[in-house]
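The values are calculated or read from the model by the stated rules, or taken from the named source; none is laboratory data. What you see is a predicted model, and the numbers here were worked out from it, not measured in a lab. Reconstructed Cβ throughout: ideal geometry from the backbone, glycine too, with neighbour counts over all protein chains shown.
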Amino acid sequence: MHTILLISDDDTFRNSLRQSLGQEGTAVLGVPNTRDILSQPKVRQVSGYDLIVAEVRSGDHDGLSRLVLFRNLHPNTPFIAVTREDQGAGLAYGGAAARALHAWLVPVASDSMAGLTDTTARALKGESPPR
């Protein structure tokens with residue numbers, strides 16, 4: 001069974017992502033912010049996830065600082081940075097951060113999560129993000 005850490009401060013968006021990702025055989029731990037992860041015991045902060053999915057823009061961290069933080073905590077775990085298609089600045093900003101830290105960047109539309117589910121499957125199979 002795969003375990004995915006999902007971080008988004010928007011409850012509705014996080015629940016949509018969780019439903020999209022939480023397919024059979026996949027456990028999705030959804031948290032609203034980075035503080036919730038950092039308050040967990042050290043062993044859980046640095047292990048136990050097969051994939052990390054986080055919204056690029058949030059109230060507690062910007063995309064780059066979150067990518068750096070989790071790349072340091074989970075250096076070998078695939079990371080997907082999600083941006084909403086209606087947040088153009090997040091897409092441009094997140095793209096630079098994702099390339100710099102070897103992460104996937106996926107724009108998500110409110111009416112379609114197909115790109116995210118496809119990228120999740122590819123990441124869990126061991127594919128690398130494009131450079």
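Find the helices (runs of 4 or more DSSP H) located wholly in the stretch 1-82 whose residues include 3 or more that are closer than 25 Å to ALA109 by Cβ, modelled with pLDDT of 75 or more and not acidic (Asp, Glu), and list them.
Numbers: elements: 11-21, 34-38, 42-46, 63-73.
Result: 11-21.
Does the stretch 1-25 hold any residues that are of a type in the set (Ser, Thr, Tyr), without any contact (Cβ under 8 Å) to a residue 40 or more places away in the chain and surrounded by 13 or more Cβ atoms within 10 Å (Cβ to Cβ), and which are they? I'd like the intermediate steps shown before the answer.
Quick first cut of the stretch 1-25, residues of a type in the set (Ser, Thr, Tyr) only: 3, 8, 12, 16, 20.
Narrowing further to those that are without any contact (Cβ under 8 Å) to a residue 40 or more places away in the chain: 12.
Within the stretch 1-25, none qualify.
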